[in-house]
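The values are calculated or read from the model by the stated rules, or taken from the named source; none is laboratory data. Note that the coordinates shown come from a computational prediction; the quantities given were computed from them, not determined experimentally. Methodologically, a virtual Cβ is constructed for each residue, glycine included, from the backbone with ideal geometry; neighbour enumeration extends over all protein chains shown. Ligands, DNA and RNA are excluded from the accessible area calculation, which covers all protein heavy atoms including side chains. Shrake-Rupley method; radii C 1.70, N 1.55, O 1.52, S 1.80 Å.
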Amino acid sequence: MQLIDIGVNLTHDSFDHDRDAVLQRARNAGVTRMVITGASREHSPKALELAQAHPGFLYATAGVHPHHALEYTDECDAEMRALLAHPEVVAVGECGLDYFRDFSPRPAQRKAFERQLQIAVETGKPLFLHQRDAHDDFVAIMREFEGKIGPAIVHCFTADKRELFDCLDRDWHIGITGWLCDERRGQHLRELVPSIPAHRLMVETDAPYLLPRTLKPSPKDRRNEPAFLPHIVEELARDRSEDVAVTAEATTATAAAFFRLP
C-alpha cells in the first residue's frame with residue numbers, strides 16, 4: 001500500500017522532539033508522500049523548509065487559516081506569494097472560513113479568504129480549503145471566482161449531505177480524516193463516503209489532531225501522526241464496500257494528480 005497524506009501539521013511543536021522518527025514511521029507504514037499544511041505567517045515558511053529538507057517525500061502548502069485572518073496584511077500577502085513561487089509549495093491554503101470558533105472577526109475572515117483566492121487565480125495552483133459552520137458564505141465567495149481558479153479540495157470534510165453534494169456539484173475534491181472513526185460525531189460520514197467519486201476523494205490525518213478513536217492500541221499521548229493513515233484508509237474502504245487496495249490506489253492517484261506531484 002502506497003499512500004499520500006494530503007494534510008499533516010508537521011510544523012506543530014508536538015513533533016519537535018521526534019519529527020525524524022515520525023517521518024520514518026510514516027514511511028514504514030506505506031505513506032510515500034505527504035503535504036505539510038501551511039496555515040499561518042509563522043508556519044507556512046516552516047512547511048516549505050521541511051519540504052525542501054525532504055525532496056520527493058514532503059511537499060507544502062502556503063496560506064493563512066481563518067483563525068489567523070487578522071494577520072493577513074499586505075506584507076503577509078507578499079510573503080504568501082513568495083512562498084508559492086517555490087515548486088515544493090503545491091497549493092494555496094489552508095484558507096477559508098470558520099464560523100464555529102470565530103477566532104477572527106468574520107469580515108476579516110472573508111477578506112483574507114478572498115485575497116488568497118486571488119493568489120490561486122494568479123498562480124494557477126490548487127486550493128487547500130477549510131470550512132466549518134460557514135457553508136453558505138463559503139460557497140458564495142467561491143462562486144465569485146468560478147472559472148478563474150483551478151482545482152480545489154475541501155480538506156477535513158465533516159459536514160452533512162447537503163454540503164457534500166454542493167461541493168461535489170462544483171467539482172471540488174473532498175478530504176477525509178479520522179473524523180470518520182469518531183462514533184460520537186462522525187457516524188454520518190460513514191453513510192456519505194460511498195457517494196464521493198473516487199477521482200474526487202483523498203485521505204489525510206490532519207496530524208497531530210483527530211486521532212482515530214477506533215485505533216487500537218491508542219497512543220498514550222493522544223497524538224495523531226501520519227503512520228496512522230492506513231487505519232483511516234481501512235475504515236474508509238469498509239464504508240465504501242471496496243477492497244482496501246482499491247481505496248489506497250485511487251486516493252493516491254487522485255492526490256498525485258491534484259497536487260501535480262511527480
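Data table
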| read-out | value |
| --- | --- |
| Filter result for ALA237 (under 16 Å from ILE6 (Cα atoms), part of a helix (DSSP H, G or I) and among the aliphatic types (A, V, I, L, M)) | no |
| Matching residues in region 173-202 - criterion: being of a type in the set (A, V, I, L, M) and open to solvent by less than 40 Å² (accessible area, probe 1.4 Å) | ILE174, ILE176, LEU180, LEU189, LEU192, VAL193, ILE196, LEU201, MET202 |
| Residue that is nearest to the chain's Cα centre (by Cα), among those in region 120-139 that are more than 18 Å from GLY38 (Cβ to Cβ) and open to solvent by 40 Å² or more (accessible area, probe 1.4 Å) | ARG132 |
| Tally of residues being surrounded by 15 or more Cβ atoms within 10 Å (Cβ to Cβ) and in contact with a Lys or Arg (Cβ under 8 Å, 6 or more places away or on another chain) across region 160-172 | 2 |
| Some residue of region 243-258 being open to solvent by 30 Å² or more (accessible area, probe 1.4 Å), part of a loop (DSSP other than H, G, I, E, B) and under 30 Å from ARG19 (Cα atoms) | no |
| Selection from region 203-242 of residues that are on the phi > 0 side of the Ramachandran plot and either open to solvent by less than 10 Å² (accessible area, probe 1.4 Å) or among the small types (Gly, Ala, Ser) (or both) | SER241 |
| Search result, residues across region 44-71 that are open to solvent by less than 20 Å² (accessible area, probe 1.4 Å) and free of Cβ contacts under 8 Å to residues at least 60 places away in the same chain | SER44, ALA47, LEU48, ALA51, PHE57, LEU58, ALA60, ALA62, VAL64, ALA69 |
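Quick grid of which residues meet (1) in contact with an Asp or Glu (Cβ under 9 Å, 6 or more places away or on another chain); (2) charged (D, E, K, R); (3) closer than 27 Å to VAL121 by Cα:
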site	(1), (2), (3)
ARG132	yes, yes, yes
GLU146	no, yes, yes
PRO151	yes, no, yes
ALA159	yes, no, yes
ARG170	yes, yes, yes
HIS188	yes, no, no
GLU204	yes, yes, yes
ALA207	yes, no, no
LEU210	yes, no, no
